[in-house]
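Presented below is the structure to which this report refers.
The values are calculated or read from the model by the stated rules, or taken from the named source; none is laboratory data. Treat the numbers as computed from the prediction; the structure is a model and nothing was measured. So basically every Cβ, Gly included, is an ideal-geometry build from the backbone, and we count neighbours across all protein chains shown. The accessibility values were calculated without ligands, DNA or RNA, using every heavy atom of the protein model including side chains. Shrake-Rupley method; radii C 1.70, N 1.55, O 1.52, S 1.80 Å.
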Amino acid sequence: MRILWVTPQHPDPVAGGGGAHEYELLRHIAEHHDIHLVTSAGYLYNGRSALPDLGISYDVVQSPTYEYPKNKFEVAWAMVRARPTLVLWTMRQ
């Protein structure tokens, strides 16, 4: 089966948290399936990707980032413009 995996991080065994977890999931899935990964994370751990070692191809796409609002006025202005990162900012802990 061919699988398209879309993620905002670059899965890697030396990454922390979600990146390492995704790498382990991909490692097991890649044994039986053809996987192509699309990510917006352009950085690589140790200067290279571990994905080709698993037979996984990947593409890095550019994603715009915006500065988070710092006060109530900026929050209101961001809501008017409806920037997608506002949703992430409102879900912060």
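Per residue, the accessible area of the chain comes to 71 Å², computed with a 1.4 Å probe over protein heavy atoms only.
What length, rounded to one decimal in nm, is gained on full extension from D53 through to Y68, with 0.36 nm per residue of separation minus their alpha-carbon distance?
Details: separation 15, 0.36 × 15 = 5.40 nm, distance 3.66 nm.
In short, 1.7 nm is gained.
In the list (1) 45; (2) 34; (3) 40, the label attached to percent of Cα pairs over 21 Å apart as derived from the coordinates here is (1). In the chain, the longest principal axis of the Cα atoms and the axis of helix 72-81 are about 60 degrees apart. With axes computed from alpha carbons, what is the tilt in degrees of helix 18-29 against the longest principal axis of the chain, rounded to the nearest 10 within 0 to 90? So the inclination is approximately 30 degrees. Overall, the chain carries a charge dipole of about 540 debye about its Cα centre when +1 sits on the Cβ of Lys and Arg and -1 on the Cβ of Asp and Glu, all other atoms neutral. The calculated FRET efficiency for the pair L4 and R81, based on their C-beta separation and a Förster distance of 30 Å, comes to about 0.50.
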